[in-house]
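Notes to accompany the following structure.
The values are calculated or read from the model by the stated rules, or taken from the named source; none is laboratory data. Note that the structure is a prediction, hence the values are computed from the model and not measured. Using ideal geometry, Cβ is built from the backbone for each residue, glycine included, and neighbour counts are taken over all protein chains shown. In case anyone asks, the SASA skips ligands and DNA or RNA and just uses the protein heavy atoms, side chains included. Shrake-Rupley method; radii C 1.70, N 1.55, O 1.52, S 1.80 Å.
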Amino acid sequence: MDTTIFIAVLSVTAVGASCAVMLCIAAKVMHVKVDERVAQLQEIMPGINCGACGYPGCSGYAEALVSGAGVKTNLCTPGGAEVLARISAILGVEAESVVPKTAVVNCLGDSGSQQKKMEYKGIQSCQAAKLLFGGEGACAFGCLGYGDCQIVCPTDAVCMQDSLARIRAGLCTGCGLCVKACPNDLISIENASAPVFVMCKNIEKGAVVRKKCSKGCIGCGKCARECPEKAIVVENSLARIDYAKCSGCGHCVQSCVAKCIKPGKPAA
């Protein structure tokens, strides 16, 4: 073998061996011990990384749970009672109560109720329509109707009916992915047991709302005045419900002039 080639091979071998030794030493010195419970928790979680728990995905929540920082075990809304029970068993703590959540599309402006300001023929996406003069609907606060929320829903709980997104309450886990997908910030996550919902987000004056949508809140205040628990206030021309005060009597549903307050668990 040529001496030059031999020296080159020897040099490369020496460098490789040195690097291997340094990597082994670094692996030992910089090793971070991982609690095996993190992997166990990740295994039982839904894995949709929705962020409903308030942490960056299932792995982030799992790490937070074993950190000993007093993180609640019932934050995985999509997992429900079954996942909660398994989380509690792994951590060796008492199971906390589960508060079922559901998504609510705060709009009733279907094609028969909402006026159109133009004919949209662009990309069939709410995000795209929003960029083009806010979509074809006259109400800038209403459902754009192209189903971005339906596409991201992992449980097929969102359906489109007459250009309006609706929630199949029995399928919704309250993960919140639809909330992030809606460019009009029209979807909210509420307690599934909430007795009533104000199905509108338009904060314009009543006369303006009426010209755009026959089912929009006109901010007349009748629901607030007649609520026996004083659980409703009108802010920015829009009725809002304080669920801490609401008794669920349903009187607001009957008294609403625009019929935009609906009983709980709206479903398709």
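As a fraction of the 1.4 Å probe accessible area of the chain, surface on carbon and sulfur atoms comes out at 58 percent. Which links in K121/K262; K180/K222; K211/K245; K121/K205; K117/K205; K121/K259 stretch past 25 Å when you go from one Cα to the other? In this structure, K121/K262; K180/K222; K211/K245; K121/K205; K121/K259 lie more than 25 Å apart at Cα. Cross-link reach is defined here as a Cα-Cα straight distance under 16 Å, omitting same-chain residues fewer than 8 places apart; for K130 the aspartates and glutamates meeting it are E119, D148, D185.
Here the range 123-268 was treated as a single set of alpha-carbon atoms; its pair distances binned every 10 Å from 0 give 12, 38, 37, 13, 1 percent. Give me the percent of Cα-Cα pairs in the range 1-148 that sit more than 22 Å apart, rounded to a whole number. For the range 1-148, the fraction of Cα-Cα distances above 22 Å is 66 percent.
Ranking I7, Y120, S59 by Cα position along the charge dipole of the chain, where only Lys, Arg, Asp and Glu carry charges on their C-beta atoms, puts Y120 farthest toward the positive end.
Remark: the range 179-265 carries a charge dipole of roughly 340 debye about the Cα centre, counting +1 on each Lys and Arg Cβ and -1 on each Asp and Glu Cβ.
The label-point distance for Q115 and S18, in a model that sets each label 7 Å from Cα toward Cβ, rounds to 7.9 nm. The value of relative contact order for the chain, using C-alpha pairs under 8 Å at least six residues apart, is 16 percent. Normalised by residue count, the chain yields a Cα convex hull volume of 212 Å³ per residue.
Its DSSP H runs of at least 4 residues, each contributing -39,500 (n - 2.57), put the calculated 222 nm mean residue ellipticity of the chain at -9500 deg cm²/dmol, to the nearest 500.
Scaling against 2.2 N^0.38 Å puts the C-alpha radius of gyration of the range 163-235 at 1.28. Quick one: net charge of A52's neighbours, Cβ under 12 Å, K/R +1, D/E -1? Neighbourhood net charge equals +2. Taking 13 Å as the straight-line reach from the Cα of K101, the aspartates and glutamates in range (excluding those fewer than 8 positions away in the same chain) are E190.
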